[in-house]
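A.B. asks: Have a look at this one.
The values are calculated or read from the model by the stated rules, or taken from the named source; none is laboratory data. Model, not experiment: these values are computed from the prediction. Methodologically, a virtual Cβ is constructed for each residue, glycine included, from the backbone with ideal geometry; neighbour enumeration extends over all protein chains shown.
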Amino acid sequence: MSTVEQQVAEESIQVLDHGFVRLDDSMASDLSVVNAARVSFARRKDVMEEADSGLIRFLMRERHGTPFEHNAFRFHIRAPIFVAREWFRHRIGSFNEFSMRYAKATDEFYVPAPEDVRSQVGKPGAYSFEPVTDELAQTTRDELAAVYAAAYAAYERLVELGVARELARAVMPVGAYTEFYWTVNARALMNFVSLRAAETAQREIRRYADAVEQLFAEKMPVTYEAFLASDRTAP
């Protein structure tokens, strides 16, 4: 493992079997919310006070959202492609992703833990997900592993034959891991968490949303508590 890889591993929250969420950098604090709001009165503070906590709670409760936009989180994320595609639907933010046009495709793929293999019951919009037998869980894991191995072997053969990576990548399944950077403000981050950490969200992206939420709470604890008090609704 290189020094950079070791640093990433040490700074990351591990998610699923090969994924992670890492806060690469941030310009985010509860005080940024306070000063953005108080600029209306030509006021600025260098230190948070109790009255400022009350202001944040008021802004959240009354859904005055713009003061929560004057900050930034830059996350480094490794996730299966199908998780990333759901993530990229959140348009208030900036994304840059690993490219299989320019670099060799990953040979790591998502295989769910046995307890995460589930059946789908019900109609669209009203699904429930039920556990499966141990035998079916293992069959699912074996089938996925076999498909992944065959797909990656085909990818390598095509590249070795001289096929361009940008075309050879077409054989790669959505269970392959990708990496991306995501820069987002606190208001959009709360919207992401409220939707993707909800019980109705897909289980895999919920795990990532939980990690993002943990890092958000550490950086902006007053804002986070106000978010919880508002039933996890973004302002």
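A.B. asks: All but one of (1) at pLDDT 95 or above; (2) part of a helix (DSSP H, G or I); (3) surrounded by 12 or more Cβ atoms within 10 Å (Cβ to Cβ) hold for E115, so report the exception by its number.
C.D. replies: So E115 meets the others, but not (3).
A.B. asks: Would you mind stating whether R187 is in the same structural domain as E218 (by TED's automatic domain parsing), basic (K, R), more than 20 Å from A79 (Cα to Cα) and crowded, with 16+ Cβ neighbours inside 10 Å? Before the answer, list the steps.
C.D. replies: Numbers: in the same structural domain as E218 (by TED's automatic domain parsing): yes; basic (K, R): yes; more than 20 Å from A79 (Cα to Cα): yes; crowded, with 16+ Cβ neighbours inside 10 Å: yes.
Here the answer is yes, as R187 does meet what is asked.
A.B. asks: Here is a follow-up. Can you tell me which residue among E97, E130 is of a type in the set (D, E), surrounded by fewer than 17 Cβ atoms within 10 Å (Cβ to Cβ) and touching a Phe, Trp or Tyr at 6+ places or on another chain (Cβ under 8 Å)?
C.D. replies: Working: E130 fails: touching a Phe, Trp or Tyr at 6+ places or on another chain (Cβ under 8 Å).
Exactly one residue qualifies, and that residue is E97.
A.B. asks: Picking from R57, R78, R61, which residue would you name as being modelled with pLDDT of 95 or more and in contact with a Ser or Thr (Cβ under 7 Å, 6 or more places away or on another chain)? Full working, then the answer.
C.D. replies: On the way: R57 fails: in contact with a Ser or Thr (Cβ under 7 Å, 6 or more places away or on another chain); R78 fails: in contact with a Ser or Thr (Cβ under 7 Å, 6 or more places away or on another chain).
Just one listed residue meets the conditions, R61.
A.B. asks: Has the stretch 105-114 got at least one residue that is closer than 20 Å to E204 by Cβ, among the aliphatic types (A, V, I, L, M) and without any contact (Cβ under 8 Å) to a residue 40 or more places away in the chain?
C.D. replies: no
A.B. asks: Shifting gears a bit: Starting from the stretch 149-163, take each residue that is without any contact (Cβ under 8 Å) to a residue 40 or more places away in the chain and list its partners that are in a helix (DSSP H, G or I), counting only C-beta distances under 7 angstrom and pairs at least six apart or across chains.
C.D. replies: Every condition considered, the pairs that remain are A151/V171; A154/V171; L158/A168.
A.B. asks: Also: Tell me yes or no: at least one residue of the stretch 61-79 is outside any helix (DSSP H, G or I), among the β-branched types (V, I, T), in contact with a Phe, Trp or Tyr (Cβ under 9 Å, 6 or more places away or on another chain) and closer than 29 Å to D231 by Cα.
C.D. replies: The first filter runs over the stretch 61-79 and keeps only residues outside any helix (DSSP H, G or I), leaving 62-65, 70-79.
Subset that is among the β-branched types (V, I, T): 77.
Then drop every residue that is not in contact with a Phe, Trp or Tyr (Cβ under 9 Å, 6 or more places away or on another chain), which leaves 77.
Add one more test, that the residue is closer than 29 Å to D231 by Cα, and what stays is 77.
Yes, the stretch 61-79 contains a residue that is outside any helix (DSSP H, G or I), among the β-branched types (V, I, T), in contact with a Phe, Trp or Tyr (Cβ under 9 Å, 6 or more places away or on another chain) and closer than 29 Å to D231 by Cα.
A.B. asks: Next up: Assess whether F95 counts as being under 22 Å from M27 (Cα atoms), at pLDDT 95 or above and either more than 23 Å from the chain's Cα centre (by Cα) or not in a helix (DSSP H, G or I) (or both). Quick ask: steps written out before the conclusion?
C.D. replies: Working: under 22 Å from M27 (Cα atoms): yes; at pLDDT 95 or above: yes; either more than 23 Å from the chain's Cα centre (by Cα) or not in a helix (DSSP H, G or I) (or both): yes.
Criteria met by F95.
A.B. asks: Among what's in the stretch 137-155 and is surrounded by 14 or more Cβ atoms within 10 Å (Cβ to Cβ) and more than 26 Å from the chain's Cα centre (by Cα), pick the residue that is nearest to K104 (Cα to Cα).
C.D. replies: Y155
A.B. asks: Something else about it: If you take the residues in the stretch 200-235 that are within 19 Å of N71 (Cβ to Cβ) and of a type in the set (F, W, Y), which one is surrounded by the most Cβ atoms within 10 Å (Cβ to Cβ)?
C.D. replies: Looking at the filtered set, the residue picked out is F227.
A.B. asks: Exactly one condition in (1) modelled with pLDDT of 95 or more; (2) among the polar types (S, T, N, Q); (3) over 30 Å from S26 (Cα atoms) is false for S128; which is it?
C.D. replies: For S128, the failing item is (1).
A.B. asks: Restricting attention to the stretch 22-35, does a residue exist that is part of a helix (DSSP H, G or I), buried (at least 17 other Cβ atoms within 10 Å of the Cβ) and either of a type in the set (S, T, Y) or at pLDDT below 95 (or both)?
C.D. replies: Within the stretch 22-35, one or more residues are part of a helix (DSSP H, G or I), buried (at least 17 other Cβ atoms within 10 Å of the Cβ) and either of a type in the set (S, T, Y) or at pLDDT below 95 (or both).
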